[in-house]
Amino acid sequence: MRISTQLMFETASNRMSDLQNRLQKTQEQIGSGRRILSPADDPVAATRALDITQSQSINSQYGVNRQYAKSTLGQVETTLAGVTSLMQDVKDTITAAGNGTLNDNQRGFMATELNGRLQQLLGLANSRDAAGNYLFSGFQSNTPAFVQTATGATYQGDQGLQRLQVDATRQMATSSPGSTVFQSGGQDVFATLTDLVNLLNTPGTAGLAAGLATANANMDSALDSVLTVRASVGANLQELDALDNVGEDRNLQYSKALSELQDLDYVQALTQLTQQQVTLEAAQKSFVKTSSLSLFNFM
Amino acid sequence: MATSILSVGQSALAAAQVGINTTGHNIANAATPGYNRQVIVQGAAQAQNFGFGFLGQGVDVSTIKRVYNEFLGNQVQSAQTTKSGLDSHYAQIRQINNLLADPTAGLSPALQEFFTGLQDVASNPTSIPARQSALSSAESLASRFQSMAGRLDEIGRSLNGQIQSSVADINTYGAQIAQLNDAIGKAQRASGQPPNDLLDQRDQLLMELNKHIKVTVVAQGSDYNVFIGNGQPLVVGVSTYTLTNVASATNPEKLEVAYRASNGSLVPLAESALSGGQLGGLLDFRSQSLEPAQNALGRVAIGLASSFNAQHQLGFDLGGAAGGAFFTTATPVVGENSNNTGSAALTASISNVNALTTSDYRLQFDGTNYTVTRLSDNTPTTFAAFPQTIDGVTLNLTAGAAAGDSFLIRPTVNGASGFGVAITDPAKIAAAAQTGAVGDNSNALLLGALQTANTLGNGTVSYQGAYSQFVSQVGNKTRELEVTSSAAGKLLTEATMSLQNESGVNLDEEAANLLRYQQAYQAAGKVMQIASELFDVLLSIGR
């Protein structure tokens, strides 16, 4: 079979440029560390990587949301711990006030102390978070939860529960309305304290024992509702820790999947690079040898 | 007798000279594109009867022919036009593919940052910095949409320029082929011999023409008649019919290829008729890759803007006012056919983003009924009255349509470029579900949930999913073209090899021929020398 001399050169040069292109691509892959340089290299993997990247981004956002939730719940818990110990102090004072040896004057001192406790409790109920939002006002987070009145305190917030998306299918309430914490079950802790102060400021002991018994029972019930809220806050904080663990595991899986889809196998790529170099060199050498063969050399 | 010997020697000498000349011509043109090697055809001259028998009168060169196999030539032409078409489509779509190459620069990161910002608002509904940062990430999402749309528009505009220059090239080649038809006809009539080099040039021009568009050739005498598409003539004998460009009747920004009819009017050629070659590849790219890409990106933008706005408008902002539109959205583009004779005007609006497709639509009126055709799969819907909703687009036509009127509706083409952020005041983000509740984040949570909700494609894909579909579409098409173009390249190489192995110049062969004709020339000289010596013998007798 005869061969066209021109075509011989063209074929060789096409072949070499083809080899150079492949070499170039391998180099680009090695330089970027990416197996997929454009969606066309592996459309399925490229698209899947986009979807996984979104899942990973959402997953890490849930982690951020959980941090917010933890911080808010932590402040609620700290505040309610203060409220609990305050209520226990009040109960101690109620017991002490029942002592028959006390005179009106001494009960008056106790009333003054309890009034201080009332102010302290109002302060705790009107606590704000780091951003200045009132913790116990429901959705009215710019409004103090309670204002004091002659008979106790009025709740100014609403029943809104601020929820955070802490996982794909879990929205967690991070706030409790002040009315639930301090005024639930027909008991208003502020009214109880106000009544108590008034009782102890009343001279004489008529109705004192009965009044103190009522106050004690009311404080017990108020303490119960605070402890109930604290229990649920504690459970939420535990759940957040568990969700954090799951989230981290998931993040690791996403990273692994992304790496498998996109990342270059360096060993394979470098082997390929060497192979391609050898082939190109061989093609170049053989081209020089064969192209120099010509009958004209002997004429 | 001696004179006869001299003339035999001379004919041999002349034949050897022609041989050396032809060999030299072959060597000279070994690297000329489209050159086919030439060989001399020689035969014994008419013998003369001298009674004792026929005495040979030397050699005659009857013709010089080019070695050309028309069948193989046609194969190369056809492989070339396929390859050029795929190459030009591939070169164009690679631009879109490269636009999407870097996963950290595409739409996905901007989309994710936007929703991250929104989640931060949900966590801190009263925080102005959190709201401001959500608004900023919305702005950067909008600019990402716009810059991608801008790049696609730019590709579309440069496409128009390339179509024009391709059409100009086709006309030039057509004119040159017509000139060669003329020159070849004249040369052949004058000499009765084939003008080999002119024939090569014409075949080479045909090859160049095939690189631009697929043509069919009908040989008539010495002429090539060249046709494109469904028999639209480009060259007939020595006359040419030029192609030109016209703006599409329904989309002035889109150039179409047209020819001038005998009555002088410009008739656009159907794209299906213009297959193969660079021009066919460009048109394929526009209809199969660019327009679907613009529509797909636009659908993500419109889908996001509309469904997000709908939820946003259910909420209340920091000041307690009802939420407004968060994003601005593009409206469908309606192209009224410039040849419409009626006075009806069409309006189109998007009524359900969930049902939107990435296709364009054509509305046609036949005098009684209206037909809307979805162009991606040619599904028709026929009805008699407006308004009419098809795939989430509500169409309304005023009275006055004439039979034959048509409109082109492109629902999502401007989606990405028309995507913007409508609010500037961070307090206007409607995070609350009830009025006057500043700490309420319920609506922000619902807005955040839209990120993974399947709001598009009739409830089958999320925003990210729709974008992934777009990337996958481009990636797959690019890959497909890469593979088919490389396969077409192999086919072309095979065909070229077969043709060139027969017609191409082999320098070793020519070197051998050179030696052969050189020896023939020397031998012929010897014959003439002997004839001359014989003549000297005669002369010396009379001395």
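The values are calculated or read from the model by the stated rules, or taken from the named source; none is laboratory data. What you see is a predicted model; the values in this text were computed from it and never measured. All Cβ positions, glycine included, derive from the backbone under ideal geometry; neighbour counts span all protein chains shown.
Note down all Cβ pairs under 9 Å where the first residue falls in segment B:387-410 and is without any contact (Cβ under 8 Å) to a residue 12 or more places away in the chain and surrounded by fewer than 22 Cβ atoms within 10 Å (Cβ to Cβ), the second is of a type outside the set (S, T, N, Q) and assigned to a strand (DSSP E or B), and they're at least six residues apart or on different chains.
B:Pro387/B:Leu395; B:Pro387/B:Leu397
Condition first: farther than 30 Å from B:Thr478 by Cβ, within 31 Å of the chain's Cα centre (by Cα) and among the polar types (S, T, N, Q). Now tell me which residues in segment A:47-101 satisfy that.
Passing the criteria: A:Asn59, A:Ser60, A:Gln61, A:Asn65, A:Gln67, A:Ser71, A:Thr72, A:Gln75, A:Thr78, A:Thr79, A:Thr84, A:Ser85.
When segment B:92-136 is examined, which residues are found to be surrounded by 19 or more Cβ atoms within 10 Å (Cβ to Cβ), assigned to a loop (DSSP other than H, G, I, E, B) and more than 7 Å from chain A (Cβ to nearest Cβ)?
B:Gly106, B:Pro125, listed by residue number.
Scanning segment A:65-110 for residues that are touching a residue at least 60 places away in the same chain (Cβ under 8 Å) and among the charged types (D, E, K, R), which turns out farthest from A:Ala235 (Cα to Cα)?
Going through the qualifying residues, I end up with A:Asp104.
Hey, could you check segment A:206-226 for residues that are exposed (fewer than 14 other Cβ atoms within 10 Å of the Cβ) and not acidic (Asp, Glu) and say which is farthest from A:Lys91 (Cα to Cα)?
Only one residue tops the list, namely A:Ala206.
Out of the residues in segment B:494-512 meeting the condition of being part of a helix (DSSP H, G or I) and buried (at least 19 other Cβ atoms within 10 Å of the Cβ), tell me which one is nearest to the other protein chains (Cβ to nearest Cβ).
Looking at the filtered set, the residue picked out is B:Gln500.
Give the residue, chosen from B:Ser338, B:Ser359, B:Ser287, that is closer than 23 Å to B:Leu255 by Cβ and either without any contact (Cβ under 8 Å) to a residue 12 or more places away in the chain or in contact with an Asp or Glu (Cβ under 7 Å, 6 or more places away or on another chain) (or both).
So the residue among B:Ser338, B:Ser359, B:Ser287 that is closer than 23 Å to B:Leu255 by Cβ and either without any contact (Cβ under 8 Å) to a residue 12 or more places away in the chain or in contact with an Asp or Glu (Cβ under 7 Å, 6 or more places away or on another chain) (or both) is B:Ser287.
Of all residues in segment B:350-386, which are surrounded by fewer than 18 Cβ atoms within 10 Å (Cβ to Cβ), within 32 Å of the chain's Cα centre (by Cα) and of a type in the set (D, E, K, R)?
B:Arg374, B:Asp377
Which one is surrounded by the most Cβ atoms within 10 Å (Cβ to Cβ) among residues in segment A:26-47 that are away from chain B (no Cβ under 11 Å) and of a type in the set (Val, Ile, Thr)?
A:Thr26
Would you mind finding the one in A:Gln162, A:Gln156 that is within 13 Å of chain B (Cβ to nearest Cβ), touching a strand residue (DSSP E or B) at 6+ places or on another chain (Cβ under 9 Å) and surrounded by 19 or more Cβ atoms within 10 Å (Cβ to Cβ)?
After ruling out the rest, the residue left standing is A:Gln162.
Quick one: B:Lys254 ticks every box in (1) touching a Leu at 6+ places or on another chain (Cβ under 8 Å); (2) crowded, with 16+ Cβ neighbours inside 10 Å except a single one, so which number is it?
Only one criterion in (1) touching a Leu at 6+ places or on another chain (Cβ under 8 Å); (2) crowded, with 16+ Cβ neighbours inside 10 Å is unmet by B:Lys254, namely (1).
Determine whether segment A:92-109 contains at least one residue that is surrounded by 15 or more Cβ atoms within 10 Å (Cβ to Cβ), in a helix (DSSP H, G or I), assigned by TED's automatic domain parsing to the domain that holds A:Gly204 and among the aliphatic types (A, V, I, L, M).
The answer is yes, given that some residue of segment A:92-109 is surrounded by 15 or more Cβ atoms within 10 Å (Cβ to Cβ), in a helix (DSSP H, G or I), assigned by TED's automatic domain parsing to the domain that holds A:Gly204 and among the aliphatic types (A, V, I, L, M).
Is it the case that segment A:218-228 has a residue that's assigned to a helix (DSSP H, G or I), under 33 Å from the mean Cα position of the chain (by Cα), within 27 Å of A:Tyr62 (Cβ to Cβ) and not hydroxyl-bearing (Ser, Thr, Tyr)?
no
Condition first: without any contact (Cβ under 8 Å) to a residue 60 or more places away in the chain and in contact with a Leu (Cβ under 9 Å, 6 or more places away or on another chain). Now tell me which residues in segment A:247-297 satisfy that.
Selection gives A:Ser294, A:Leu295, A:Phe296.
Have a look at A:Leu23, A:Leu19, A:Leu50 and point out the one that is within 11 Å of another protein chain (Cβ to nearest Cβ), in contact with a helix residue (DSSP H, G or I) (Cβ under 7 Å, 6 or more places away or on another chain) and assigned to a helix (DSSP H, G or I).
That would be A:Leu50, the only listed residue that is within 11 Å of another protein chain (Cβ to nearest Cβ), in contact with a helix residue (DSSP H, G or I) (Cβ under 7 Å, 6 or more places away or on another chain) and assigned to a helix (DSSP H, G or I).
For segment B:279-299, give me each residue that is small (Gly, Ala, Ser) and either under 17 Å from the mean Cα position of the chain (by Cα) or under 26 Å from B:Lys214 (Cα atoms) (or both).
Selection gives B:Gly280, B:Gly281, B:Ser287, B:Ser289, B:Ala293.
Would you be able to say whether some residue in segment B:34-53 is assigned to a helix (DSSP H, G or I) and surrounded by 15 or more Cβ atoms within 10 Å (Cβ to Cβ)?
Within segment B:34-53, none of the residues are assigned to a helix (DSSP H, G or I) and surrounded by 15 or more Cβ atoms within 10 Å (Cβ to Cβ).
Somewhere in segment B:15-22, is a residue surrounded by 15 or more Cβ atoms within 10 Å (Cβ to Cβ) and either on the phi > 0 side of the Ramachandran plot or in contact with a His (Cβ under 8 Å, 6 or more places away or on another chain) (or both)?
No: segment B:15-22 contains no residue that is surrounded by 15 or more Cβ atoms within 10 Å (Cβ to Cβ) and either on the phi > 0 side of the Ramachandran plot or in contact with a His (Cβ under 8 Å, 6 or more places away or on another chain) (or both).
Filter segment A:227-252 for residues that are surrounded by 14 or more Cβ atoms within 10 Å (Cβ to Cβ) and either more than 30 Å from A:Val181 (Cα to Cα) or among the acidic types (Asp, Glu) (or both) and give the result.
Once the filter is applied, which keeps residues that are surrounded by 14 or more Cβ atoms within 10 Å (Cβ to Cβ) and either more than 30 Å from A:Val181 (Cα to Cα) or among the acidic types (Asp, Glu) (or both), segment A:227-252 yields A:Glu239, A:Asp244, A:Gly247, A:Arg250, A:Asn251.
Looking only at segment A:1-16, filter to residues that are under 17 Å from B:Lys490 (Cβ atoms) and within 8 Å of another protein chain (Cβ to nearest Cβ); which one of those is surrounded by the fewest Cβ atoms within 10 Å (Cβ to Cβ)?
A:Asn14
Please work out which one of (1) out of contact with any Phe, Trp or Tyr (no Cβ under 9 Å at 6 or more places or on another chain); (2) free of Cβ contacts under 8 Å to residues at least 40 places away in the same chain is the condition B:Val218 fails and give its number.
Of the numbered conditions (1) out of contact with any Phe, Trp or Tyr (no Cβ under 9 Å at 6 or more places or on another chain); (2) free of Cβ contacts under 8 Å to residues at least 40 places away in the same chain, the odd one out for B:Val218 is (1).
Take the residues in segment B:404-452 that are hydroxyl-bearing (Ser, Thr, Tyr) and either outside any helix (DSSP H, G or I) or away from chain A (no Cβ under 14 Å) (or both), then tell me which one is nearest to B:Glu336 (Cα to Cα).
Ranking the qualifying residues of segment B:404-452, first place goes to B:Ser406.
Do we find that A:Thr149 is farther than 22 Å from B:Val438 by Cβ and without any contact (Cβ under 8 Å) to a residue 60 or more places away in the chain in this structure?
Spelling it out, A:Thr149 is indeed farther than 22 Å from B:Val438 by Cβ and without any contact (Cβ under 8 Å) to a residue 60 or more places away in the chain.
Output the residues belonging to segment B:66-82 that are within 13 Å of chain A (Cβ to nearest Cβ) and part of a helix (DSSP H, G or I).
Listed by number, the residues that qualify are B:Leu72, B:Val76.
What are the residues in segment A:143-153 that are touching a strand residue (DSSP E or B) at 6+ places or on another chain (Cβ under 7 Å) and more than 10 Å from chain B (Cβ to nearest Cβ), if any?
The answer is A:Pro144, A:Ala145, A:Phe146, A:Val147, A:Ala153.
Take A:Asp244 and decide whether it is among the acidic types (Asp, Glu), part of a helix (DSSP H, G or I) and touching a residue at least 24 places away in the same chain (Cβ under 8 Å).
Yes: the conditions hold for A:Asp244.
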